[in-house]
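One structure is given below, encoded as structure tokens.
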Amino acid sequence: MDQQQCQSCGMKDHCQEVYKKLGECKSPSVLTKVISAFLLPLILFIISIVLGQKFLLETLKSERKADLAAFAAAIVVVFMYLLALKVINIWRRQN
């Protein structure tokens, strides 16, 4: 926001007080939640597809079948991760 707008605002003292309180907030960081909920599943999915493609191509002898199997395996891996994450969160809330 422009400095002139802040100076002409009738609530500039209140606004500064709000930002000061927000800066002093001692709440836990959401960074770990964002990483565990969004970034890790994406990374797991990509790694699972790459590894699945690499290992299943030799076994299935067909690139298309290996792609489909790797995709299905990656979905299962991410689903299992999210399920484990959900169970851990429920367990933490109970304790």
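The values are calculated or read from the model by the stated rules, or taken from the named source; none is laboratory data. Remember, predicted model here, so these are calculated numbers, not experimental data. Glycine gets a Cβ as well: all are built from the backbone with ideal geometry, and neighbour counts include every protein chain shown.
Take the stretch 60-71 and flag every residue that is surrounded by 10 or more Cβ atoms within 10 Å (Cβ to Cβ) and in a helix (DSSP H, G or I). Let's see the steps before the verdict.
From the stretch 60-71, those surrounded by 10 or more Cβ atoms within 10 Å (Cβ to Cβ) are 60, 62-63, 65-71; that's our starting set.
Scanning the stretch 60-71 gives L60, E63, K65, A66, D67, L68, A69, A70, F71.
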Taking S29 and the conditions (1) among the polar types (S, T, N, Q); (2) in a helix (DSSP H, G or I); (3) surrounded by fewer than 14 Cβ atoms within 10 Å (Cβ to Cβ), which numbered condition does it fall short on, given that it satisfies the others?
(2)
Conditions (1) of a type in the set (D, E, K, R); (2) within 30 Å of C6 (Cα to Cα); (3) in a helix (DSSP H, G or I); number of the one not met by R93:
(2)
Which numbered condition trips up S48, out of (1) at pLDDT below 75; (2) surrounded by 10 or more Cβ atoms within 10 Å (Cβ to Cβ); (3) among the polar types (S, T, N, Q)?
(1)
